[in-house]
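This report concerns only the one structure given below.
The values are calculated or read from the model by the stated rules, or taken from the named source; none is laboratory data. Worth saying up front: this structure is predicted, and the values here are computed from it rather than measured. So basically every Cβ, Gly included, is an ideal-geometry build from the backbone, and we count neighbours across all protein chains shown.
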Amino acid sequence: MAIKRHPDDLAIFGGARLFASPKPVSNLVRPDFSRFMDYLDPALRNAQLTDGGPVCRLLERRLAELHEVVHCVAFISGFWALAILFRVLALPGRLEVVMPSLTYRRMSDIAAWAGLKPRFCEVDARTMTNGAEQVASCLSGDTALIMGVHPICGLADIEGLMGLAQEAGLPLIFDSVESVYERHLGRKIGGFGRAEVFSLGASKLINGFEGGYVTTNDAALAGALRAQLADRCAASAATACGLNAHLNELHAAMALASLDDLGEQITRNRARYLAYQQRLPNLPGIRLLTFNEADRPAYKNVLVEVTAGWPLGRDDTVRVLNAEGALARAYYPQPLHRKPMCYAHVPAQLPVTDDLAGRFVLLPCGELVEIADIDAIVDLLGFVAHHAGTIRTRLTAMEHRHEH
Ligand SMILES: *Cc1c(COP(=O)(O)O)cnc(C)c1O
């Protein structure tokens, strides 16, 4: 690793990069390869590679067990799992899906694909996601569905949202991609609301290369979802149309192998999180968001707030880190209501969301990050803080040069 003595040594100013191989914020779990091949074997033997084959069915059973629910339906991605759920559950004749703006960057696109209109609501600054109060002020005669989203650290206001949905007679679903492992009041995440949605993408907790799934205790809903996949008409979902979006057997086998590794992965994640927790207090103005042990988190992400005590701007800090191969990410660079959209949506003014969107950073973690890398990242941040004045001046000069 390249040692920094002077601001000239920073990669953004032409110095050698700290990390030869990039250190991402993505999980990129690498399960045991022979286990993956073992799971895949029946699919290759039967020559059934997709359309809900035995490997996919086994994965669905294992995921239903993990989440302590009756039904799990797997899809090609979390994106399409959400889209079809929007279609199936939206109240007929109504268009608006209430969702936070501070969330997954394609959430509004999903509403558009489902023929619906995103309505962005404010977030609670404490949980960083939409609570009952924020959702309540966005309900109207055109509300078709409420979308609750679990944040990266902690959980959404599950009781508040469920109470509100019941009172208003509206369907509620949860995007639980960030809360695969958590428990709430003694129950596993997966069984709240009408249904919950998860992803099996490579950057998520359970790596299936790509994939997604819906969990629910509602047999009619699970039947309706399966009917859409099977290209059958389900009486319970007259407004939905079919979708060829099966999870293929290769991805299901990968997800099964990742699932077998989950407990050990969480132990490794926790060690990385604790390494940050131990070292970050040496830095001025960087606040680590802490997990609540009682929720049984998976410690997948390391999220920090860049407070007023930190001597460099959030975006400049991310740029300097990225140049070194530490692929820290702004959380979020652009809330959804600020995104250019070429489809119908409800415009919104969201000052809390705008403020939060400028303050947080995801730091490198996941399976490609060793504890020694965390030492190096925290040392680098210390170096950046020490030379912040010079760095700021030189970054500004670089920008002026680009403008001319
Ligand atoms: C990744 C993600 C999704 C979408 O899942 P894909 O499987 O990538 O389509 C949805 N919601 C959240 C919060 C995500 O992080």
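Within the range 111-135, how many residues turn out to be within 13 Å of the ligand (Cβ to nearest atom) and either farther than 20 Å from ALA357 by Cβ or surrounded by fewer than 18 Cβ atoms within 10 Å (Cβ to Cβ) (or both)?
The qualifying residues number 1.
With respect to SER21, is the statement that it is outside any loop (DSSP other than H, G, I, E, B) and at pLDDT 90 or above true?
The answer is no for SER21.
Pairs only if they're at least six apart or on different chains, beta carbon under 6 angstrom, first in the range 96-109 and within 20 Å of ALA165 (Cβ to Cβ) and outside any strand (DSSP E or B), second more than 10 Å from the ligand (Cβ to nearest atom) and not small (Gly, Ala, Ser); list them, first residue then second.
So the pair list comes out as SER101/PHE120; SER101/PRO335; SER101/LEU336; SER101/HIS337; SER101/LEU350; SER101/THR353; MET107/MET99.
Please return the ranges of helices (runs of 4 or more DSSP H) entirely within the range 306-404 where 1 or more residues are surrounded by fewer than 16 Cβ atoms within 10 Å (Cβ to Cβ) and hydrophobic (A, V, I, L, M, F, W, C).
Passing ranges, in order: 351-356, 371-386, 388-403.
How many residues are part of a helix (DSSP H, G or I), among the β-branched types (Val, Ile, Thr) and more than 22 Å from the chain's Cα centre (by Cα) when one looks only at the range 51-84? Don't jump to the end; show me each part of the working.
Kept after step one, since they are part of a helix (DSSP H, G or I), are these residues of the range 51-84: 54-67, 78-84.
If we keep only those that are among the β-branched types (Val, Ile, Thr) as well, we get 55, 84.
Among the residues that remain, those that are also more than 22 Å from the chain's Cα centre (by Cα) are: 55.
Qualifying residue count, the range 51-84: 1.
Considering every residue within the range 245-252, establish whether at least one is charged (D, E, K, R) and within 16 Å of the ligand (Cβ to nearest atom).
Taking the range 245-252 first, the residues charged (D, E, K, R) are 249.
Now drop any that are not within 16 Å of the ligand (Cβ to nearest atom), which leaves none.
Checked against the condition, which is being charged (D, E, K, R) and within 16 Å of the ligand (Cβ to nearest atom), the range 245-252 yields no hits at all.
Quick check on GLY163: is it modelled with pLDDT of 95 or more, surrounded by fewer than 19 Cβ atoms within 10 Å (Cβ to Cβ) and in a helix (DSSP H, G or I)?
Values: modelled with pLDDT of 95 or more: yes; surrounded by fewer than 19 Cβ atoms within 10 Å (Cβ to Cβ): yes; in a helix (DSSP H, G or I): yes.
Against the criterion (modelled with pLDDT of 95 or more, surrounded by fewer than 19 Cβ atoms within 10 Å (Cβ to Cβ) and in a helix (DSSP H, G or I)), GLY163 qualifies.
Being surrounded by fewer than 22 Cβ atoms within 10 Å (Cβ to Cβ) and modelled with pLDDT under 95: is that true of GLY186 here? So that I can check it myself, show each step before the final result.
On the way: surrounded by fewer than 22 Cβ atoms within 10 Å (Cβ to Cβ): yes; modelled with pLDDT under 95: yes.
Spelling it out, GLY186 is indeed surrounded by fewer than 22 Cβ atoms within 10 Å (Cβ to Cβ) and modelled with pLDDT under 95.
What single numbered condition from (1) touching a helix residue (DSSP H, G or I) at 6+ places or on another chain (Cβ under 6 Å); (2) within 25 Å of PRO333 (Cβ to Cβ) fails to hold for CYS138?
With (1) touching a helix residue (DSSP H, G or I) at 6+ places or on another chain (Cβ under 6 Å); (2) within 25 Å of PRO333 (Cβ to Cβ) applied to CYS138, the lone miss is (1).
If only one of ARG105, ARG17, ARG45 is surrounded by fewer than 16 Cβ atoms within 10 Å (Cβ to Cβ), among the basic types (Lys, Arg) and more than 16 Å from the ligand (Cβ to nearest atom), which one is it?
ARG45
Return the residues of the range 110-129 that are part of a strand (DSSP E or B) and in contact with a helix residue (DSSP H, G or I) (Cβ under 8 Å, 6 or more places away or on another chain); say none if nothing qualifies. Talk me through it step by step, then tell me what you get.
Of the residues in the range 110-129, the ones part of a strand (DSSP E or B) are 117-121, 124, 129.
LYS117, PRO118, PHE120, CYS121, ASP124 - these are the residues of the range 110-129 that are part of a strand (DSSP E or B) and in contact with a helix residue (DSSP H, G or I) (Cβ under 8 Å, 6 or more places away or on another chain).
Mind telling me which of the residues PHE174, PHE209 ends up being part of a strand (DSSP E or B), within 11 Å of the ligand (Cβ to nearest atom) and in contact with a helix residue (DSSP H, G or I) (Cβ under 9 Å, 6 or more places away or on another chain)?
PHE174
Pairs under 8 Å by beta carbon, first residue at pLDDT 95 or above and more than 16 Å from the ligand (Cβ to nearest atom) in the range 65-94, partner in a loop (DSSP other than H, G, I, E, B) and among the acidic types (Asp, Glu), six or more apart or different chains?
So the pair list comes out as HIS71/ASP218; ARG94/ASP142.
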